[in-house]
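Before any comments, here is the structure.
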Amino acid sequence: MDKFFENNTAMKGIAFLIALMLWMIVTLDQEGTAPIRQTEEQLTIDNVQVEAVYDEDQYALMEMDETVQVVLTGRRSLLNLITLRQDAYRLYVDLTELGAGEHRVPVQHEGFPEDVRVTIIPSSVYVVLEKKESRTFPVRIDFSGQLPEGYEAGKPLVSPGEVEVIGPTSVLEQVASVRGVFNLERLGRSGKQEVTLKAYNHQGQELEVEIKPEVVEVTVPVQSPSAMVPVNIELINELPEGLSLVGIHPGTDEVEVFAPQNVLDQLGEISTTLDLSTIDESKTVTLDIALGDHWTAVKPKQIEVFVEVEPVREQLYSNVPVEVRGLASGYEVSFKSPADGKLQLAVKGSEQRLKTLKQSDLKVWIDAKGLREGDHRLPVSVDLPGDLTASPRPSEVEVRISSSKEAEKTMADVEEDEDENEDNKEGE
């Protein structure tokens, strides 16, 4: 490598190459910075949209030439830029100072580069402005679709029933009706739908006007078969401690249900629930009647129920006999404790209810089902109306189950037959 750099011929060659490169850089830089003269060209754009600027609340634009031709003159680079960015410019006519009538208005422009000459053909357009006015029209509702078999749509209730129609006088004079369409197949349980309105002429053609409000609420009552159905009040939870239920007195025993006939035929009763834990005194409560499957309505939707309660009282009954249930055939029961098979019963309830309770209404019993001979301790059960509670004293009894005389006789006969069979076998 050292020998290479010591060679004069090699060093001269390298110096020449460096000088050549520097000359080329300078020459190219001078050529790149030299001004380039560009000739002007023309660009023609057809069907350019013209925007109308006017007071749209007061006037309606009835007629106008909406497009014109634009001829642009300028450098190619600017024309290319305009072609790429057509949203950067606009053509418009200013009608803000004009009143109703026919006018010829110059077309103005904005957004074009300053170095581009703009020629608009034609340079003005013909426009017709008409004063707007407002009139009130009643709303008509048409039906589409069909209701299920057995149902019939009643007269629609529209809110609001009249609307304001705004437009040019010549168009308002053509308005024959303002209507909307209610789809019966989308009829929900509420019977309500929001309906969009449109204005039509006598030929049924839609007119371009402004309607306020454009959307109205329409309620369509549905007439369907109905039946009076009894209401069953189901009690849930318990009354607060210290209270006893005297009675439940509904304001009505039945409600009217609207539904297809096949649904009504299978409807026996309607159930609603009363939560006793919310009752702290005698009072009237309101219970909801929920809509069932395939019902269209129920009247009334709520019923009032008077719930009567009283403080709990206790009444003691003595010598109440204990009934034996479920004892198998061939057995008999004798009481060991209490020996007479009778006990005391403390019954709790309202004073009014206890006054009407007879001792014969008390059903005290033990379950001997499946028990065989021997001594048994059994819990005591009590049957009472649902608005009363009872505590047997004692809560358990001791009994002895033994075979009855008939059972013993039956067993003796069986043993005798078995002995005879054995003797017969030996004789053979």
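The values are calculated or read from the model by the stated rules, or taken from the named source; none is laboratory data. Here the structure is a predicted model, which is why all the values come from computation and not from measurement. Here the Cβ positions follow ideal geometry from the backbone for every residue, glycine too, while neighbour counts run over all protein chains shown.
A few comments on the model shown:
- Whenever a residue of the stretch 223-245 is within 18 Å of R353 (Cα to Cα), its partners that are among the basic types (K, R), lying with C-beta atoms within less than 9 angstrom and at least six residues away or across chains, give the pairs S244/R313; S244/K348; S244/R353; L245/R353.
- Scanning the stretch 71-101 for residues being part of a strand (DSSP E or B) and loosely packed, with under 11 Cβ neighbours inside 10 Å gives a total of 1.
- Considering the stretch 158-180, the residues that are touching a residue at least 24 places away in the same chain (Cβ under 8 Å) and out of contact with any Lys or Arg (no Cβ under 9 Å at 6 or more places or on another chain) include one that is nearest to T296 (Cα to Cα), namely S159.
- Within the stretch 95-112, one or more residues are of a type in the set (V, I, T) and modelled with pLDDT of 90 or more.
- Residue list for the stretch 278-293, restricted to those being exposed (fewer than 13 other Cβ atoms within 10 Å of the Cβ) and assigned to a loop (DSSP other than H, G, I, E, B): D280, E281, A290, D293
- Residues of the stretch 168-223 classified as on the phi > 0 side of the Ramachandran plot and either outside any loop (DSSP other than H, G, I, E, B) or surrounded by 15 or more Cβ atoms within 10 Å (Cβ to Cβ) (or both), total: 1
- Members of the stretch 323-363 that are among the aliphatic types (A, V, I, L, M) and either touching a helix residue (DSSP H, G or I) at 6+ places or on another chain (Cβ under 6 Å) or closer than 16 Å to V399 by Cβ (or both): V324, L327, A328, V333, A339, L343
- Screening the candidates F112, F143 for the property of being aromatic (F, W, Y) and in the same structural domain as E56 (by TED's automatic domain parsing) yields one hit, F112.
- Listed conditions (1) at pLDDT below 90; (2) of a type in the set (G, A, S); (3) in contact with a Pro (Cβ under 9 Å, 6 or more places away or on another chain) are all met by S360, apart from (3).
- Among the residues of the stretch 259-277, those that are assigned to a helix (DSSP H, G or I), without any contact (Cβ under 8 Å) to a residue 60 or more places away in the chain and among the polar types (S, T, N, Q) comprise N262, S277.
- Condition check for V118 on (1) outside any strand (DSSP E or B); (2) in contact (Cβ under 8 Å) with a residue 24 or more places away in the chain: one failure, at (1).
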